[in-house]
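Visitor: Sharing a structure, written as structure tokens. Questions coming.
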Amino acid sequence: MRLTEQASGPVANGPRQERAWRRLLVETVDRAVLSRIRDGRLRDVGWPSGLGIVVAVGCGVIGLGCLIALASGWLRATDSLLVSSDLSASMPAHLVWVIALLVVVSLALGQAAAVHGPWWLALIATLVTVLIMAQFGLRGTLAGSLAVPAVDVGLIIAVIVVTVIRGRRSFAWWEFPLLLGLIGGAVVLGMADLARQGRFVGYELVPSTVESAVVQLMVLVLPAAVAAGTAVAELTVGLTVAAAAQLDRLPGRWWTYGLLVVLVLGRLAELIWRAMQLDPVRQGWIAIVPAAAVLVLLALVIAGLLRTAFRARTRAAGSAGADSAEPVVISELAEDLGRIALPIGAALVGLLLPLFVAVTGYSIAVALDPTGPLGAVDLDLGILISEGTDLIRGAIAVVLLLIAVRAARHARAGRAVLLGAIAVSLVAVSMRGLTGGRWAVRLDPDVLNLMVGIGALLMIGWYAARRRLTPRRAVAGSALLMLSLLFAARQVLGDPVGALVGYSGVGLVVLGMLWDFLTSADWANRESPRFPRPTRVLLVLTNTGLLAVVVAYASLVRDSTGTYDPGGFAELGDLILGTGLVAAAAAVVVRVLIRDERIR
């Protein structure tokens with residue numbers, strides 16, 4: 001009987017361990033991905049009648065925009081292309097009207113949202129809508145007929161009247177189709193008239209008008225594009241922390257060190273391969289020294305913020321000593337970034353607009369009076385914009401650091417660490433401008449991650465050599481290596497999609513856009529007197545819908561000048577916000593490893 005029990009023990013343990021690993025994988029995905037979607041998506045929490053249909057229309061715009069972006073290579077290959085006058089871009093002929101339709105629906109969603117919002121929102125939305133409607137319809141025809149401009153003026157006045165009259169009333173289902181008909185009528189009539197004019201001059205006027213409208217709308221969605229770039233970093237941190245938190249539930253302890261050994265060998269091999277791929281000119285000492293400086297600055301800032309936050313928490317608890325402070329919940333860092341990414345993106349983009357306006361004004365003034373006082377000033381506008389951008393980013397970094405200190409003094413350690421890490425990232429990407437362009441330094445995330453990986457291996461080896469590598473430290477070490485590996489492979493997700501589509505950057509933007517829409521819309525499930533729930537829901541749809549339209553258009557035209565490339569702003573968000581998030585998470589994991597604590 002004893003022999004039978006001994007023989008059946010391993011057989012019974014095998015399925016049990018297999019079920020444990022399967023449960024770990026399921027719970028990791030649920031905690032890092034599915035729970036974020038459940039908590040952050042739009043939900044019918046008492047929508048007024050008809051709002052559900054409007055939400056379905058908005059989701060259709062987002063889905064169609066994503067499909068066009070992902071299928072842009074095939075669409076370009078199966079249709080005739082309309083080439084721009086400067087030969088820098090081309091557009092499939094039959095999709096011009098589809099893009100115009102998506103623009104109209106997105107504008108109608110935004111106008112319907114603004115009707116019941118605060119006055120400034122109604123003013124901005126109405127101004128944008130009127131400008132787009134006027135751009136299509138208020139153009140004199142070659143035949144001298146003013147019928148289309150006159151009808152367009154009437155439709156513009158009708159939009160303004162509806163906005164003013166309905167502003168003090170509750171949401172009604174018929175507002176959206178009414179605004180859609182008014183805006184769409186002006187755009188369709190204008191496009192038909194422009195098509196007629198094009199036959200007289202032998203040039204397609206409709207594509208250039210649609211192009212101009214998309215360029216104007218692109219300014220509104222650039223903050224959302226910056227926020228979309230953080231999706232890969234959020235998934236990296238979420239999956240790593242969720243997996244580490246679930247590892248303690250597995251039976252036995254052999255897997256803890258076994259997994260660590262596998263990750264150490266994998267990270268070591270990846271470090272050797274990546275070190276062999278480094279460019280000695282761009283990624284030599286000119287990148288290693290700044291990366292080391294950034295790591296030191298990051299360590300000092302985060303250590304100071306954590307100390308301030310823990311002191312504030314222990315004072316509030318009436319306890320002595322910072323060791324009694326509660327640990328930072330790493331999983332909440334990604335959620336915090338989802339809430340602050342859009343405002344930071346708006347600051348990064350919005351504060352640059354006055355700089356570009358000033359440069360444009362200077363260029364116009366010099367063109368009008370080349371011999372005047374401004375013409376005598378020899379300014380390199382490219383250097384002026386570059387250095388001005390770096391100065392603005394440095395100023396934003398200072399503001400974020402001040403907010404981080406304030407959060408730390410209120411014992412909000414997680415928010416403080418995240419903002420501090422983002423501030424350091426902003427300073428790092430602005431190093432060349434802050435030195436007046438004297439030093440050709442730049443932040444290279446790959447070199448920075450290479451140094452972090454080496455440091456992680458040294459820490460794990462030191463604890464192992466001193467026989468202080470406890471199971472908790474092994475889990476923390478595995479989490480640190482997983483963060484480093486996933487961050488090193490952050491471009492793997494976008495590259496295959498870009499190769500399949502034939503246009504780089506599409507995968508990152510589409511993934512980020514959908515991730516933000518599914519996980520960062522919880523604020524629209526609440527309401528306030530100034531922002532009722534229908535306004536919030538429609539604003540979420542408008543923001544994501546306009547970005548989807550811009551991404552679809554950029555994928556279709558393949559502009560060589562980069563004018564319509566939201567992928568560049570998504571990469572900026574990944575570089576600044578994403579790097580800041582991963583750096584904050586890695587710093588907290590290092591603290592957990594040193595203190596031999598459990599990852600939360």
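The values are calculated or read from the model by the stated rules, or taken from the named source; none is laboratory data. Small disclaimer: the values here were computed from a predicted structure and weren't measured. Because the Cβ atoms are built from the backbone with ideal geometry, glycine has one as well, and the counts that use them run over all protein chains shown. Side chains included, ligands, DNA and RNA excluded: accessible areas come from the protein's heavy atoms. Shrake-Rupley method; radii C 1.70, N 1.55, O 1.52, S 1.80 Å.
Visitor: Against the condition more than 33 Å from the chain's Cα centre (by Cα), in a helix (DSSP H, G or I) and at pLDDT 80 or above, how does VAL237 come out, does it pass?
Guide: no
Visitor: Can you say whether ARG43 is within 29 Å of LEU333 (Cβ to Cβ), of a type in the set (Lys, Arg) and not in a helix (DSSP H, G or I), as far as the supplied structure shows?
Guide: So ARG43 passes the test.
Visitor: If you check ALA548 against the conditions, is it buried (at least 20 other Cβ atoms within 10 Å of the Cβ) and either closer than 20 Å to GLN246 by Cα or free of Cβ contacts under 8 Å to residues at least 40 places away in the same chain (or both)?
Guide: So ALA548 does not fit the description; no.
Visitor: Among the residues of segment 148-176, write down those that are under 25 Å from TRP97 (Cβ atoms) and open to solvent by 60 Å² or more (accessible area, probe 1.4 Å).
Guide: ALA150, VAL151, VAL153
Every residue, every condition in (1) open to solvent by 20 Å² or more (accessible area, probe 1.4 Å); (2) assigned to a helix (DSSP H, G or I); (3) at pLDDT 70 or above; (4) closer than 26 Å to ALA227 by Cα, yes or no:
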| position | (1), (2), (3), (4) |
| --- | --- |
| ILE364 | yes, yes, no, no |
| ALA367 | yes, yes, no, no |
| GLU387 | yes, yes, yes, yes |
| ALA395 | yes, yes, yes, yes |
| ARG406 | yes, yes, yes, yes |
| GLY420 | no, yes, yes, yes |
| ALA428 | no, yes, yes, yes |
| ALA456 | no, yes, yes, no |
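Visitor: Hey, any hits in segment 492-507 for a residue that's closer than 24 Å to LEU107 by Cα, modelled with pLDDT under 90 and part of a helix (DSSP H, G or I)?
Guide: Yes: segment 492-507 contains one or more residues that are closer than 24 Å to LEU107 by Cα, modelled with pLDDT under 90 and part of a helix (DSSP H, G or I).
Visitor: Sticking with this structure for a sec: Collect the residues in segment 556-600 that are open to solvent by less than 10 Å² (accessible area, probe 1.4 Å), modelled with pLDDT under 85 and among the small types (Gly, Ala, Ser), keeping them in residue-number order.
Guide: Result: GLY567, single match.
Visitor: May I ask you to verify whether VAL221 is among the β-branched types (Val, Ile, Thr), over 22 Å from ASP152 (Cβ atoms) and open to solvent by 10 Å² or more (accessible area, probe 1.4 Å)?
Guide: no
Visitor: Related question: For segment 149-166, check the following and say yes or no: at least one residue is farther than 26 Å from ASP516 by Cβ, among the basic types (Lys, Arg) and at pLDDT 85 or above.
Guide: Step one: filter segment 149-166 for residues farther than 26 Å from ASP516 by Cβ, giving 149-166.
Filter once more, so that each one left must be among the basic types (Lys, Arg): 166.
Keeping just the survivors that are at pLDDT 85 or above gives 166.
For segment 149-166, residues farther than 26 Å from ASP516 by Cβ, among the basic types (Lys, Arg) and at pLDDT 85 or above: present.
Visitor: With respect to ASP444, is the statement that it is surrounded by fewer than 21 Cβ atoms within 10 Å (Cβ to Cβ), over 30 Å from ARG313 (Cβ atoms) and modelled with pLDDT of 70 or more true?
Guide: The answer is yes for ASP444.
Visitor: Restricting to segment 168-214, give me the number of residues that are assigned to a helix (DSSP H, G or I) and farther than 30 Å from GLY52 by Cα.
Guide: 19
Visitor: Quick one: HIS94 ticks every box in (1) of a type outside the set (D, E, K, R); (2) touching a Ser or Thr at 6+ places or on another chain (Cβ under 9 Å); (3) open to solvent by less than 50 Å² (accessible area, probe 1.4 Å); (4) closer than 20 Å to GLY184 by Cβ except a single one, so which number is it?
Guide: Going through (1) of a type outside the set (D, E, K, R); (2) touching a Ser or Thr at 6+ places or on another chain (Cβ under 9 Å); (3) open to solvent by less than 50 Å² (accessible area, probe 1.4 Å); (4) closer than 20 Å to GLY184 by Cβ one by one, HIS94 breaks only (3).
Visitor: Continuing with this model, one more query. Quick one: which residue in VAL29, VAL33, VAL54 is surrounded by 19 or more Cβ atoms within 10 Å (Cβ to Cβ) and over 21 Å from ASP565 (Cα atoms)?
Guide: Values: VAL29 fails: surrounded by 19 or more Cβ atoms within 10 Å (Cβ to Cβ); VAL33 fails: surrounded by 19 or more Cβ atoms within 10 Å (Cβ to Cβ).
From the options VAL29, VAL33, VAL54, the qualifying one is VAL54.
Visitor: So, LEU131, is that one touching a helix residue (DSSP H, G or I) at 6+ places or on another chain (Cβ under 9 Å), modelled with pLDDT of 85 or more, within 21 Å of VAL210 (Cα to Cα) and open to solvent by 70 Å² or more (accessible area, probe 1.4 Å) or not? Please lay out each step first, then the result.
Guide: Numbers: touching a helix residue (DSSP H, G or I) at 6+ places or on another chain (Cβ under 9 Å): yes; modelled with pLDDT of 85 or more: yes; within 21 Å of VAL210 (Cα to Cα): yes; open to solvent by 70 Å² or more (accessible area, probe 1.4 Å): yes.
Taking the combined requirement at face value, the residue satisfies it.
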